[in-house]
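Visitor: Please see the structure below; I have some questions.
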Amino acid sequence: GAGRGSSRAGQPRCGARFPWRRAWGTHCDACASPHGRISLCFGRIRGTPRKAGHAAGLSAPHALRCSTPGGHTGGGPAAEERWLVIDRKVYDISRFHRRHPGGSRVISHYAGQDATDPFIAFHLDKTLVKKYMNPLLIGELAPDQPSFEPSKNKKLVEDFRELRATVEKMGLLKPNRTFFLLHLCHILVLDVAAWLTIWYFGSSTVPFIFSALLLGTVQAQAGWLQHDFGHLSVFSESKWNHWVHKFVIGHLKGAPASWWNHLHFQHHAKPNCFRKDPDVNMHPLFFALGKKLSVELGEQKKKFMPYNHQHKYFFIIGPPALVPLYFQWYIFYFVVQRKQWVDLAWMLTFYIRFFLTYLPLLGVKGILGLHLLVRFIESNWFVWITQMNHIPMHIDYDKNVDWFSTQLQATCNVRQSLFNDWFSGHLNFQIEHHLFPTMPRHNYWKVAPLVKSLCAKHGIEYHCKPLLTAFADIV
């Protein structure tokens, strides 16, 4: 294997050939150092000088000093290192993670783990990305070591990678740009229709509410469209997806692309994994989520809310309040605190356009009321759709299982229909979307039978429900 640097003569090379099966709770025979329970076969290291031979799992490691067990996860002090494995190559992301285009946290969630499948799932031009990864390469797993951690189903990993190759050969990752153009056009038509309604019929109650419903629909559908660009599903080059993403989420919705990337990619990397998926961060402050986490709260005798009534107060602090009372204000704090000035500029174009077009028709009070009502409609639409696929599913700490199992245990589908496809932005195919996040949504239905077949082969339940049942299961 090719590692950076070399060990000094006469020093033990215990890490060079220390297989996973021996790394779990054992000692290194060469130096009697305790390795304990560690992710992959890495011992946690920190500081310098580094002594040779303790980069467990590297076939020719550079000089390292083994410290406390637990793996290079970066979970402790800032000086601790973060390593991950992609295609049996070991990368040190200790400094790079803060410059990672997809966000620091999403890549750090895989520190100490094999990240081959999420790497393949999230990146379009993998050859280009790997060129930038070369300076991070510090070694390679020894030939006698397995390619999968003990927590992962080897056969399932192999079968899913075969399915991924089949999907690519079928062309299911190639977008139909006409589909997305028509979707953008229907959003713009609804936006114009909302303004014409008030301009022509006046600002009385009926046209005001009808216009708000149209604008709420615009916000929801623009949300699904920005989701497509954010996942690099429309153009073959990432930069074009990023630029149009900023336009759709910034100018059409008034939100920052950087904020969405920061949260949403974490969700996809580790769905329903407590402390890694921000979508379940409402536990335990507002809701008790998941059977295991709820039992844990009971054992710790912690209670932040009257959880036995959470199915009731969900209708107050959940769908109606998330966007107008939280997202609406937090996004400005986010862009200013992180100095995302380009995103802020795009956001301001939305508010300038909205106020210039509606202020002459409604006045200050009317336009503020319209904006609040639109956000209220958008919030209800957004919360019910996004939570129906995940909240009723398994929620737990990260168990580092294989990519396919990670997504299936945290995700469910809603039955297909023309209305469900449009209403949910094709997120009724949430399972397929999570397995292939860069796949254009108009191809989800084509890959669904293949995913069902793989589930049946390995005895994994493929959850699919009617729309109203999915809504009821949230509460």
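Visitor: Classify region 172-300: rounded, prolate or oblate, from the alpha-carbon gyration tensor (a ≥ b ≥ c, eigenvalue square roots; a/c under 1.5 rounded; otherwise prolate if a/b is larger than b/c)? Before the final figure, lay out each step's value.
Guide: Working: a/c = 3.12, a/b = 1.43, b/c = 2.18.
Oblate shape, in that a/c is at least 1.5 and b/c is the bigger or equal ratio.
Visitor: Amide H of residue 286 versus every other amide H placed in the peptide plane: which residues, excluding those fewer than 5 positions away on the same chain, fall under 5 Å?
Guide: Residues meeting the criterion, in which the H sits 1.01 Å from N, do not exist here.
Visitor: Continuing with this model, one more query. In whole Hz and in residue order, list the ³J(HN,Hα) couplings for region 435-443 that follow from phi through the Karplus curve 6.51 cos²θ - 1.76 cosθ + 1.60, θ = phi - 60°; x for Gly and Pro.
Guide: 6, 10, x, 8, 6, x, 5, 6, 9
Visitor: Once the piece of chain linking residue 238 and residue 294 is laid out straight, how much longer is it, given 0.36 nm per residue of separation minus the C-alpha distance between them?
Guide: On the way: separation 56, 0.36 × 56 = 20.16 nm, distance 4.04 nm.
That works out to 16.1 nm of additional length.
Visitor: Karplus couplings for region 359-372 from phi (6.51 cos²θ - 1.76 cosθ + 1.60, θ = phi - 60°), rounded to Hz, Gly and Pro as x?
Guide: After applying 6.51 cos²θ - 1.76 cosθ + 1.60, I find 4, x, 8, 10, x, 5, 4, x, 6, 5, x, 5, 4, 5 Hz.
Visitor: Still on this model: For residue 341, what accessible surface area do you get with a 1.4 Å probe? Give it in Å², rounded to 10.
Guide: The value for residue 341 is about 140 Å².
Visitor: Counting alpha carbon pairs within less than 8 Å and at least 6 residues apart, what relative contact order, in whole percent, applies to region 89-162?
Guide: Working: 33 pairs, mean separation 33.9, N = 74.
Answer for region 89-162 is 46 percent.
Visitor: Give me the Kirkwood hydrodynamic radius of region 349-475 in Å, from all C-alpha pairs, to one decimal place?
Guide: On the way: mean 1/r = 0.0593 Å⁻¹.
After inverting the mean inverse Cα-Cα distance, the result is 16.9 Å.
Visitor: Using alpha-carbon positions, what is the distance between the centroids of region 195-252 and region 335-378, in Å?
Guide: For region 195-252 versus region 335-378, the Cα centre distance is 13 Å.
Visitor: Determine the shape class of region 405-475: with a ≥ b ≥ c the square roots of the Cα gyration tensor eigenvalues, call it rounded for a/c under 1.5, and otherwise prolate if a/b is greater than b/c, oblate otherwise.
Guide: It is oblate, given that a/c is not under 1.5 and a/b is not larger than b/c.
Visitor: Calculated FRET efficiency, residue 99 and residue 332, Cβ-Cβ r, R0 22 Å, to nearest 0.05? Write out the running numbers ahead of the final one.
Guide: Working: r = 25 Å, r/R0 = 1.12.
For R0 = 22 Å, the calculated efficiency reads 0.35.
Visitor: Given a 1.4 Å probe and heavy atoms of the protein chains only, how would you sort 353, 82, 105, 99, largest accessible area at the top? Each step should come with its number before you reach the end.
Guide: Values: 353 65, 82 40, 105 125, 99 155 Å².
Result, largest first: 99, 105, 353, 82.
Visitor: Using 1/(1 + (r/R0)^6) with R0 = 45 angstrom and r between the beta carbons of residue 311 and residue 456, what's the FRET efficiency to the nearest 0.05? Kindly include the intermediate steps, with their values, before the conclusion.
Guide: Working: r = 33 Å, r/R0 = 0.74.
With a Förster radius of 45 Å, E is 0.85.
Visitor: Roughly speaking, what is the stretch gain from residue 126 to residue 353, that is 0.36 nm per residue apart minus the C-alpha to C-alpha distance, in nm to one decimal?
Guide: 77.9 nm
Visitor: Would you kindly state how much longer the chain becomes between residue 185 and residue 153 on full extension, computed as 0.36 nm times their sequence separation minus their alpha carbon distance, in nm to one decimal?
Guide: Numbers: separation 32, 0.36 × 32 = 11.52 nm, distance 4.46 nm.
Here the answer is 7.1 nm.
Visitor: Using protein chains only and a probe of 1.4 angstrom, how many square angstrom of residue 423 are accessible, to the nearest 10?
Guide: 40
Visitor: Okay, next question. How many Å² of accessible area per residue for region 100-207, probe 1.4 Å? Don't skip to the answer; put the middle values down first.
Guide: Working: 5760 Å² over 108 residues.
Here the residues of region 100-207 average 53 Å² of exposed surface.
Visitor: Zone of residue 473 (label point 7 Å along Cα→Cβ, backbone N under 17 Å): which residues in region 450-467?
Guide: 452, 455-456, 460-467
The values are calculated or read from the model by the stated rules, or taken from the named source; none is laboratory data. Keep in mind that this is a model prediction, so the values were computed, not measured. Note that each Cβ is placed from the backbone with ideal geometry, even for glycine, and that neighbours are counted across all protein chains shown. Ligands, DNA and RNA are stripped out before the accessible areas are found, and what is left, the full protein with its side chains, is counted by its heavy atoms. Shrake-Rupley method; radii C 1.70, N 1.55, O 1.52, S 1.80 Å.
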